[in-house]
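J.: Okay, here's the structure, questions in a sec.
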There are 2 protein chains.
Amino acid sequence: MADGRGLSSGNSDSLLFLTDEQIRQGSEAMFFAYRGFTADPDRILIDLAYGRAHHRAIHFINRAPGTTVNNLLNILGVTKQSLNRVLRTLISDGLVQSRVGRNDKRERHLYLTDPGRALEQQLSDAQRARMRAAFRDAGPEAVAGFRTVLEAMMDPELRQSYIRLKDSST
Amino acid sequence: MADGRGLSSGNSDSLLFLTDEQIRQGSEAMFFAYRGFTADPDRILIDLAYGRAHHRAIHFINRAPGTTVNNLLNILGVTKQSLNRVLRTLISDGLVQSRVGRNDKRERHLYLTDPGRALEQQLSDAQRARMRAAFRDAGPEAVAGFRTVLEAMMDPELRQSYIRLKDSST
DNA sequence: CAGTTTAAGTCAGTCATGTTGACATTCCAA
DNA sequence: TTGGAATGTCAACATGACTGACTTAAACTG
């Protein structure tokens with residue numbers, strides 16, 4: 001960090017991938033790829049007057065049915081007030097169902113309704129189509145590297161959430 | 001897309017990375033990693049009353065000094081009204097300089113001032129630290145795969161912008 | 001040269017989504 | 001059983017995207 005130029009130029013090229021220039025290109029790749037990543041579902045959501053926040057909520061409720069509001073909060077990284085607005089519209093539109101907890105009545109457990117699942121399917125189909133094409137073009141080794149780097153880039157806390165979700169679906 | 005379950009389960013595992021479940025994990029990895037990716041600069045920007053949009057503008061002006069407003073618009077993918085608000089504050093805060101074009105006087109060419117460059121350095125240092133650590137942990141092959149997949153995920157138009165920037169800096 | 005196009009900037013209005021603050025309900029432990 | 005902690009909700013506000021309509025200046029074109 002201190003030198004601002006990364007590795008000095010005399011090094012063996014086995015570390016070329018750690019130069020500041022390489023890192024910067026990695027950042028730009030993240031930026032441009034993320035745009036592509038969200039573009040397809042975004043287009044669908046416009047017509048529904050929903051935004052990306054709705055998509056995220058739907059995605060993770062589908063992924064972990066019965067999850068509580070608080071749990072969803074931690075995964076999404078927003079305030080509960082912000083999530084609540086999204087949830088309220090999804091519930092009143094009949095896409096999400098909220099059930100009072102049996103053991104702890106303070107908790108609300110969230111589930112997708114049939115229409116909610118249909119929308120989730122539509123959104124994730126759109127998103128997956130692009131990613132599947134990218135995976136196919138890049139090949140299995142590149143995909144493995146892709147995931148390794150992304151995992152290393154996460155905050156440790158979020159990495160745990162990610163791994164927990166990953167393992168829960170096997 | 002039509003089957004909704006990706007590859008059938010009887011296939012050889014050489015294509016296992018293309019199952020819907022794998023793709024979904026890739027999406028979640030993107031989501032969580034992008035959060036980490038933006039977290040560090042975001043923390044710095046809060047104190048300055050700037051947002052992510054300011055960071056992006058500063059980044060790309062630094063990357064392509066003398067770029068025009070229109071060019072920046074295409075790269076950032078926002079409306080000119082939106083960019084203009086950002087640019088106005090950056091210029092009036094003395095971080096960005098706007099010069100009338102020599103050949104075409106309608107154009108404005110954008111440059112970072114010394115304080116602008118200093119902030120760019122601070123922001124990208126924060127962002128690069130995380131990515132450098134991730135790259136180091138993952139190793140060169142993973143990094144290559146990471147970039148391959150991200151590139152394949154971009155919109156073709158943005159991929160061109162990305163490649164142009166990449167090549168211009170060698 | 002007149003008319004059109006292009007680049008940039010502005011004003012107004014809308015919307016999604018983030019924030020803080022206040023509050024109700026429920027649970028749990030001293 | 002009472003007071004604090006946890007969970008979720010409502011209200012108000014801020015921010016930064018967006019669209020649409022418009023102005024100004026310069027460049028291009030028939």
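The values are calculated or read from the model by the stated rules, or taken from the named source; none is laboratory data. All values derive from a computational prediction rather than experimental measurement. For neighbour counting, all protein chains shown are included, and Cβ atoms are generated from backbone atoms with ideal geometry for every residue, glycine included. What goes into the accessible areas is simple: the full protein's heavy atoms, side chains included, and nothing from ligands, DNA or RNA. Shrake-Rupley method; radii C 1.70, N 1.55, O 1.52, S 1.80 Å.
J.: Can you tell me which of B:144, B:152 is within 9 Å of chain A (Cβ to nearest Cβ), part of a helix (DSSP H, G or I), open to solvent by 40 Å² or more (accessible area, probe 1.4 Å) and of a type in the set (Gly, Ala, Ser)?
T.: Just a single option satisfies the conditions, and that option is B:144.
J.: One residue is enough: does the stretch B:108-130 have a residue meeting the conditions within 22 Å of residue A:144 (Cβ to Cβ) and surrounded by 14 or more Cβ atoms within 10 Å (Cβ to Cβ)?
T.: The answer is yes; a qualifying residue exists.
J.: If you go through the stretch A:108-130, how many residues are more than 12 Å from DNA strand C (Cβ to nearest atom) and in a strand (DSSP E or B)? Write out each step before concluding.
T.: Taking the stretch A:108-130 first, the residues more than 12 Å from DNA strand C (Cβ to nearest atom) are A:109-130.
Imposing the further condition that a residue be in a strand (DSSP E or B) reduces the set to A:109-112.
Residues meeting the conditions: 4.
Condition check ((1) touching a Gly at 6+ places or on another chain (Cβ under 7 Å); (2) under 19 Å from residue A:18 (Cα atoms)) across all residues:
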residue: B:129; (1), (2): no, yes
residue: B:134; (1), (2): no, yes
residue: B:140; (1), (2): no, yes
residue: B:145; (1), (2): yes, yes
residue: B:155; (1), (2): yes, no
residue: B:164; (1), (2): no, no
residue: B:167; (1), (2): no, yes
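J.: Still on this structure, please answer the following. Can you tell me which residues in the stretch A:74-102 are farther than 20 Å from residue A:123 by Cβ and either of a type in the set (Lys, Arg) or within 14 Å of another protein chain (Cβ to nearest Cβ) (or both)?
T.: The answer is A:74, A:80, A:99, A:102.
J.: Pick from the stretch A:93-107 the residues that are in a strand (DSSP E or B) and of a type in the set (A, V, I, L, M, F, W, C): which of them is most open to solvent (accessible area, probe 1.4 Å)?
T.: A:100
J.: Shifting gears a bit: Could you count how many residues in the stretch A:42-63 are open to solvent by 40 Å² or more (accessible area, probe 1.4 Å), more than 9 Å from DNA strand C (Cβ to nearest atom) and of a type in the set (A, V, I, L, M)?
T.: 0
J.: Being near DNA strand D (Cβ under 9 Å from one of its atoms), part of a helix (DSSP H, G or I) and buried (at least 17 other Cβ atoms within 10 Å of the Cβ) is the requirement here; does residue B:72 meet it?
T.: Against the criterion (near DNA strand D (Cβ under 9 Å from one of its atoms), part of a helix (DSSP H, G or I) and buried (at least 17 other Cβ atoms within 10 Å of the Cβ)), residue B:72 does not qualify.
J.: In the stretch A:112-141, which residues are over 29 Å from residue B:130 (Cβ atoms), more than 7 Å from chain B (Cβ to nearest Cβ) and free of Cβ contacts under 8 Å to residues at least 60 places away in the same chain?
T.: A:112, A:113, A:114, A:115, A:116, A:117, A:118
J.: Take the stretch A:75-92 and flag every residue that is near DNA strand D (Cβ under 10 Å from one of its atoms), open to solvent by 50 Å² or more (accessible area, probe 1.4 Å) and within 22 Å of the chain's Cα centre (by Cα).
T.: A:79, A:80, A:81, A:84, A:85, A:88, A:91
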